Amino acid sequence: MQVVTVVGGGLAGCEAALVLARSGHRVRLCEMKPQARTPAQATDRLAELVCSNSLRSDNPRNAIGLLHEELRRCRSPILAAADATRVPAGDALAVHRDAFSALVEQAIEREPAIELVRGVVESLPDDLAILATGPLTAPKLAEALGEAVGGRLFFYDAIAPIVSDESIDRSVAFLQSRYDKGDGADYLNLPFTRDEYVRFVAELNAAEKVQPRAFEETKYFEGCLPIEVMAERGLEVLAHGPMKPVGLTDPRTGRRPYAVVQLRREDPAGTCWNLVGFQTRLTWPEQKRVLRAFVPGLWNADFLRLGQVHRNTFIDGPEALAQDFSLRARPLLFLAGQITGVEGYVESTACGHLVARAVAARLEGRTFVPPPPETALGALHGHVTGAAHRDGDDYQPTNVTWGLFPPLVDGGKKLDRKAQMLARARARLAEWLESVEPASRTARIGGA
Ligand SMILES: Cc1cc2nc3c(=O)[nH]c(=O)nc-3n(C[C@H](O)[C@H](O)[C@H](O)COP(=O)(O)OP(=O)(O)OC[C@H]3O[C@@H](n4cnc5c(N)ncnc54)[C@H](O)[C@@H]3O)c2cc1C
C-alpha cells in the first residue's frame with residue numbers, strides 16, 4: 001500500500017495524518033522536534049499550541065464557532081482532542097494545552113497505520129506527500145518550497161481590518177476611485193479634515209501595540225508598513241501613503257479632503273470592506289477604539305476581521321495550488337495548514353482535514369469534491385485555492401470570517417443575516433457530507 005509522507009507534526013499535519021490513517025491509508029509523519037524547534041515552540045510535543053490556549057469562540061453565530069461545529073460533524077480528531085481537554089472559558093473553546101498535545105501525540109503513537117519519524121526534513125519529498133510545516137517552516141525546506149513556487153513564498157503577513165457594509169456611516173463615506181479610474185466608484189472613502197487627521201495620528205502614536213517576538217523584530221517590508229510605524233515616522237507620512245487624498249473630491253465640500261481612509265470591496269456584492277493599506281500591530285481592543293473614535297464614518301464599525309502583522313511563512317495559494325491543495329508545479333505534493341494562507345489553530349486544522357480528504361480521494365482514484373462555499377470549510381477552501389478571489393487581489397492569510405462567505409442571494413434581512421448564513425451553511429454541509437461520505441468509509445475517523 002502506498003505510504004503518504006506528512007511533513008510537520010503540528011495541528012494540520014496531525015489532523016491530516018489521523019484522518020488519512022483512519023480512512024485506511026498508511027502515513028509516515030515527519031516532525032523535526034526534538035532535533036530542532038522553531039523560535040515560538042517551547043515543548044517537544046506534537047500539535048503544540050504555541051501561544052494562546054484558546055481555539056476562540058465556540059458559538060456558531062461566529063464564523064469560527066461554525067468552523068468548530070463543521071469539524072465536529074466531519075469527526076475531526078483534533079477537535080475531538082480539544083473537546084476532551086476543554087477548560088472553562090465562557091463561550092470560547094479553550095483547552096489544557098499540555099493535555100491536548102499529549103492526547104494528540106498518544107493518538108498518533110497508538111495508530112498502527114502511522115509511522116512517526118523525528119528529524120528535520122530539508123528537501124521536498126518526491127513521492128505523494130503533504131507539507132504542513134507551518135508559519136515558521138525550517139529554513140532549508142522553506143528555500144526548497146520557495147523555488148518550487150517560483151519565489152512566491154512570503155515571510156510576513158500584513159492583514160488590514162475588514163468592516164461590514166451596514167456599519168459604515170454613508171452620510172460621511174463617498175464612493176469614488178482615484179481620478180475616477182475604472183468605473184469611477186470602486187472605493188468607499190472616509191474623508192478627514194486636517195484637525196481630524198492630526199488627532200488620528202496622535203492616537204495611533206499613543207495606542208497600545210502588540211510587541212514583536214524576538215525573532216520578528218523590525219523586519220517589516222517598506223511596501224507594507226504597519227500604519228502606526230508610518231505614524232511614528234512623521235505626521236505627514238500616512239497622508240502621503242495609504243491615506244493620500246489625491247484624485248478624490250468629497251461631495252459634501254466639493255474639495256479634496258486632507259486625507260482619506262480608502263475602503264475596498266471584500267466581496268463582489270460589497271457586504272464588507274477592507275481598509276486599504278491599514279495593516280497594524282495595534283492590539284485588537286485598541287484597533288476598535290481608535291478606528292471607531294477617530295476615523296470619520298466608522299463610529300459604529302462592526303469589525304469582521306482585525307489587523308495583524310507577524311512572521312508567517314506562506315505561499316500564494318490561488319497562484320500555486322490546484323483545487324485539491326496540490327501544487328500545480330508538483331502535483332504529488334499537497335500543502336496544508338498555515339503555510340497555505342489560512343490563519344489560526346482551527347483554520348489550520350480545518351485545512352489539514354480537507355487536504356487529508358483530497359489525498360484520500362487521489363489514492364482511491366476519486367475526484368476531490370470541495371465543501372460548498374457557503375460552509376465555513378468551503379469558505380476557507382475558496383480563499384486558499386482561489387475560487388473566491390478576484391484578479392489583482394493581494395493574497396494575504398486570513399482567519400475564517402463571514403466576509404469569506406458568499407452573500408445571501410436577496411441580501412438577507414439585516415438583523416438576522418448571520419442566522420440565515422448559519423442555517424444555509426448547516427444545510428449545505430449536510431448535503432456535502434451525504435454526497436462525499438458513504439457512512440461505511442469514514443466510520444473510524446474522529447475521537448482522539
Ligand atoms: C508566535 C506565534 C503565535 C501564534 N499565536 C496563535 C494564537 O494565539 N492563536 C492561533 O489560533 N494561532 C496562533 N498562531 C498561528 C498558529 O501557530 C498556527 O495557526 C498553527 O499552529 C498552524 O498550524 P500548522 O499545522 O500549519 O503549523 P504548526 O502548528 O506550526 O506545525 C508545523 C510543524 O512542522 C514542524 N516543522 C517545521 N519545519 C519542519 C521541517 N523542515 N521538518 C520537519 N518538521 C518541521 C514544526 O516543528 C511544527 O511542529 C501563532 C503563530 C506564531 C508563529
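Quick grid of which residues meet (1) hydroxyl-bearing (Ser, Thr, Tyr); (2) away from the ligand (no atom under 16 Å from the Cβ):
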| site | (1), (2) |
| --- | --- |
| 52 | yes, no |
| 62 | no, no |
| 75 | no, yes |
| 83 | no, yes |
| 101 | yes, no |
- Give me a count of the residues in the range 229-270 that are in contact with a Lys or Arg (Cβ under 8 Å, 6 or more places away or on another chain) and either part of a loop (DSSP other than H, G, I, E, B) or among the aromatic types (Phe, Trp, Tyr) (or both). 7
- Kindly provide the set of residues from the range 23-62 that are outside any loop (DSSP other than H, G, I, E, B) and open to solvent by 10 Å² or more (accessible area, probe 1.4 Å), ordered by number. 26, 28, 30, 31, 54, 56, 57
- From the list 152, 97, 194, which residue is at pLDDT 95 or above, of a type outside the set (Ser, Thr, Tyr) and either under 21 Å from residue 275 (Cβ atoms) or not assigned by TED's automatic domain parsing to the domain that holds residue 284 (or both)? 194
- For residues that are open to solvent by less than 10 Å² (accessible area, probe 1.4 Å), in contact with a Gly (Cβ under 9 Å, 6 or more places away or on another chain) and either farther than 23 Å from residue 81 by Cα or within 12 Å of the ligand (Cβ to nearest atom) (or both), tally how many sit in the range 351-370. 3
- Item | Restricting the range 18-72 to residues that are β-branched (Val, Ile, Thr) and within 23 Å of the chain's Cα centre (by Cα), the residue that is nearest to residue 361 (Cα to Cα) | 19
- Name, by its number, the condition in (1) over 20 Å from residue 162 (Cβ atoms); (2) polar (S, T, N, Q); (3) within 16 Å of the ligand (Cβ to nearest atom) that does not hold for residue 338. (1)
- Restricting the search to the range 182-199, which residues are open to solvent by 60 Å² or more (accessible area, probe 1.4 Å) and without any contact (Cβ under 8 Å) to a residue 60 or more places away in the chain? 182, 183, 195
- Item | Extreme residue, farthest from the ligand (Cβ to nearest atom), among residues of the range 114-157 that are in a strand (DSSP E or B) and open to solvent by 70 Å² or more (accessible area, probe 1.4 Å) | 115
- Message: Condition check: closer than 20 Å to residue 125 by Cα, in contact (Cβ under 8 Å) with a residue 24 or more places away in the chain and out of contact with any helix residue (DSSP H, G or I) (no Cβ under 8 Å at 6 or more places or on another chain). Does residue 360 satisfy that?
- Response: no
- Message: I'm trying to understand the selection: among the residues of the range 35-48, which are within 7 Å of the ligand (Cβ to nearest atom) and at pLDDT below 95?
- Response: 37, 38, 40, 41
- Query: Is it true that residue 25 is within 14 Å of the ligand (Cβ to nearest atom) and out of contact with any His (no Cβ under 9 Å at 6 or more places or on another chain)?
  - Reply: no
- Message: Whether any residue in the range 3-17 is within 25 Å of the chain's Cα centre (by Cα), in the same structural domain as residue 79 (by TED's automatic domain parsing), more than 9 Å from the ligand (Cβ to nearest atom) and free of Cβ contacts under 8 Å to residues at least 12 places away in the same chain is what I want to check.
- Response: no
- Message: Could you list, ordered by first residue, the pairs with Cβ atoms under 6 Å in which the first is in the range 94-105 and farther than 13 Å from residue 43 by Cβ and in contact (Cβ under 8 Å) with a residue 12 or more places away in the chain and the second is open to solvent by 40 Å² or more (accessible area, probe 1.4 Å) and among the β-branched types (Val, Ile, Thr), at least 6 apart or interchain?
- Response: 94/87; 96/87
- Message: I need the full set of residues from the range 249-294 which are aliphatic (A, V, I, L, M) and buried (at least 21 other Cβ atoms within 10 Å of the Cβ), in order please.
- Response: 259, 260, 261, 263, 275, 282, 290, 291
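The values are calculated or read from the model by the stated rules, or taken from the named source; none is laboratory data. Note that the structure is predicted; figures quoted are calculated from it, not measured. Because the Cβ atoms are built from the backbone with ideal geometry, glycine has one as well, and the counts that use them run over all protein chains shown. Areas reflect the complete protein model, heavy atoms only, side chains present, ligands, DNA and RNA absent. Shrake-Rupley method; radii C 1.70, N 1.55, O 1.52, S 1.80 Å.
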